[in-house]
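The values are calculated or read from the model by the stated rules, or taken from the named source; none is laboratory data. Predicted model only: the values in this text are computed from it and were never measured. As a convention, Cβ positions derive from the backbone with ideal geometry for all residues, glycine included, and neighbour counts pool all protein chains shown.
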Ligand SMILES: Cc1ncc(COP(=O)(O)O)c(C=O)c1O
């Protein structure tokens, strides 16, 4: 059976489709109105309740303790910026990896100009996995304040071995931050177990919410200087920024329709179970890897062990510029894949695909087997053309 087109294989950029309940929740929130924390009329308090419940759902999903430790942001990038600029000061040292997204790389570059030392630890040039001992060794310096690691690479799907790093960091008086943009919603994650101090994620990728949503989790006791100051709907008599979370880091009107959608998405994930999502996506990833291996001229990047990776698969077709393949898939087959450097040029330098990058396919929970078969057939056709 032919799948319904277009076929969307770019879930690493943003998930699509979303659960039906997400569309309904966004529309309902827009129609009902009310601004969370602004006023005491029932529309405002209903909006407030919805925001509170969304935080509670996040706290439950990630075993994050008190829900006020979850700060809503516009996306993962905003959360990362708040974390890094809110924490680091001149003289601090940060250790990170060579597979970070520009959402981490660029703020750190800017912070370097402000007197912060940044140390980047190389990763394996095939799997993209960072060596834990190398990371720990790089951290052993008096001024190291923070270790920031990408949980799952948006180029290679590599899951970094972050288990135990939180505890190790704390034994050495270092804060531990994880960029979970590609892992949240795809992989069971327990903040208490990982002992993370800061965790950032998009609400619109694996968490299946609308674009314009993201969050920053802060372990109790971790203090940040706000990036944005202003009205919070609380303690309006004072001209000082509130001290308590989440208001301290959430000035301005929140994205109620987006967060209403995220609320519905989190309920969907809670009901489905992250283990079930992970297992389904692992199946789809294995099917893609297996199919790609059978196509002439395809070179796959990253680990071939599906247990060490998530559903972000980079490959190239020998004899083709990756952009050409993506163009053919899009124009002739209505298949949407992502091509290029994926905002992570250092990762591409590491695997030898700089500057043209790779073709990246990323299935999601709702991707079907038929869609994958259709994509593999289409790629097979392109490969056959060049023989
Ligand atoms: C690893 C990683 N970090 C951060 C981001 C930034 O996420 P957002 O687009 O939600 O700001 C992305 C987006 O692709 C990503 O893949």
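Odds and ends about this structure:
- Qualifying residue in segment 167-182 (condition: in a loop (DSSP other than H, G, I, E, B), in contact with a helix residue (DSSP H, G or I) (Cβ under 9 Å, 6 or more places away or on another chain) and more than 16 Å from the ligand (Cβ to nearest atom)): yes
- Count of segment 5-21 residues, restricted to those that are away from the ligand (no atom under 16 Å from the Cβ), out of contact with any strand residue (DSSP E or B) (no Cβ under 9 Å at 6 or more places or on another chain) and either in contact (Cβ under 8 Å) with a residue 60 or more places away in the chain or part of a loop (DSSP other than H, G, I, E, B) (or both), is 2.
- Here residue 98 clears all of (1) farther than 22 Å from residue 218 by Cβ; (2) modelled with pLDDT under 95 except the condition numbered (2).
- Filter result for residue 66 (away from the ligand (no atom under 15 Å from the Cβ) and without any contact (Cβ under 8 Å) to a residue 24 or more places away in the chain): no
- All of (1) assigned to a loop (DSSP other than H, G, I, E, B); (2) touching a residue at least 40 places away in the same chain (Cβ under 8 Å); (3) in contact with a helix residue (DSSP H, G or I) (Cβ under 9 Å, 6 or more places away or on another chain) hold for residue 304 with one exception: (2).
- Test: residue 214 is under 24 Å from residue 87 (Cα atoms), within 16 Å of the ligand (Cβ to nearest atom) and at pLDDT 95 or above: yes
- Residue check for residue 233: within 16 Å of the ligand (Cβ to nearest atom), surrounded by 14 or more Cβ atoms within 10 Å (Cβ to Cβ), more than 28 Å from residue 138 (Cβ to Cβ) and touching a residue at least 40 places away in the same chain (Cβ under 8 Å): no
- Identity of the residue in segment 307-324, in contact (Cβ under 8 Å) with a residue 40 or more places away in the chain and not in a loop (DSSP other than H, G, I, E, B), that ends up farthest from the chain's Cα centre (by Cα): 317
- Selection within segment 120-148 - outside any strand (DSSP E or B), more than 19 Å from residue 163 (Cα to Cα) and in contact (Cβ under 8 Å) with a residue 60 or more places away in the chain: 125, 126
- Checked against (1) within 16 Å of the ligand (Cβ to nearest atom); (2) without any contact (Cβ under 8 Å) to a residue 40 or more places away in the chain, residue 331 passes all but condition (1).
- In this entry, residue 312 is excluded by the filter for residues that are outside the structural domain of residue 102 (by TED's automatic domain parsing) and either farther than 16 Å from residue 182 by Cβ or more than 16 Å from the ligand (Cβ to nearest atom) (or both).
- Segment 69-88, residues that are part of a helix (DSSP H, G or I) and more than 16 Å from the ligand (Cβ to nearest atom): 69, 86, 87
- Taken over segment 89-101, the criterion of being crowded, with 16+ Cβ neighbours inside 10 Å and either over 20 Å from the mean Cα position of the chain (by Cα) or not in a loop (DSSP other than H, G, I, E, B) (or both) is satisfied by 92, 93, 94, 95, 96, 97.
- Out of 43, 57, 30, 24, one residue alone is surrounded by fewer than 23 Cβ atoms within 10 Å (Cβ to Cβ), outside any loop (DSSP other than H, G, I, E, B) and within 21 Å of the chain's Cα centre (by Cα). It is 57.
- Of the criteria (1) on the phi > 0 side of the Ramachandran plot; (2) within 16 Å of the ligand (Cβ to nearest atom), which one residue 33 fails: (2)
- Considering segment 185-206, and only residues there that are within 13 Å of the ligand (Cβ to nearest atom) and part of a strand (DSSP E or B), the residue that is farthest from residue 223 (Cα to Cα) turns out to be 202.
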